[in-house]
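One structure below.
Just so it is clear, none of the values below were taken in a lab; they were calculated from the coordinates. Remember, it's a predicted structure, so these values are computed and weren't measured experimentally. Quick reminder, even Gly has a Cβ in these numbers, built from the backbone with ideal geometry, and neighbours come from all protein chains shown.
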Amino acid sequence: MKKLFWLLSVLFIVAVYSCRKDAATQPNTDLFIPRAFTPDGDGLNDSFSVKGTNITKYHIEIFDDSKTPVYISDDLNHGWDGRYKGKAVPAGNYLWVIEYTKNDTKNKLTGYVELIR
């Protein structure tokens, strides 16, 4: 019984820590950028969707390991579903490059998103 209680306590602490905002996003005050997504059709985190407020211009490009652009968009309200040319891409890390304008200031960010299947 002690081992079960200890295990449940550890799982609870890990779950609480992993739900913190700073653990789930790239550090940035203008945009919310997830670090991972799971396009498995369950309705949770099915797309890589960047969120932001008062953004006047937005452009994102996502690249695979061979630097092929697998997703390009200028629409902040539309996310990447983990497909390229209609086919699911493999699980892994994908480089993203985001250029956006907020308050007449141009910004450029780069990072990685993990696609989990």
- Taking region 74-98, which residues are over 18 Å from ARG35 (Cα atoms) and either in contact (Cβ under 8 Å) with a residue 24 or more places away in the chain or surrounded by 13 or more Cβ atoms within 10 Å (Cβ to Cβ) (or both)? TYR84, ALA88
- Message: Given the criterion touching a Leu at 6+ places or on another chain (Cβ under 9 Å), of a type in the set (Ser, Thr, Tyr) and either farther than 17 Å from ARG35 by Cβ or without any contact (Cβ under 8 Å) to a residue 24 or more places away in the chain (or both), identify the matching residue among THR101, THR110.
- Response: THR110
- Message: Just the residues that are under 18 Å from ASN93 (Cβ atoms), of a type in the set (A, V, I, L, M, F, W, C) and in a loop (DSSP other than H, G, I, E, B), please, taken from region 33-63.
- Response: ILE33, VAL50
- Note on the structure: Picked from region 26-73 (must be β-branched (Val, Ile, Thr) and touching an Asp or Glu at 6+ places or on another chain (Cβ under 9 Å)), the residue surrounded by the most Cβ atoms within 10 Å (Cβ to Cβ) is ILE60
- Message: Just to be sure I understand, how many residues within region 99-117 are exposed (fewer than 15 other Cβ atoms within 10 Å of the Cβ) and hydrophobic (A, V, I, L, M, F, W, C)?
- Response: 1
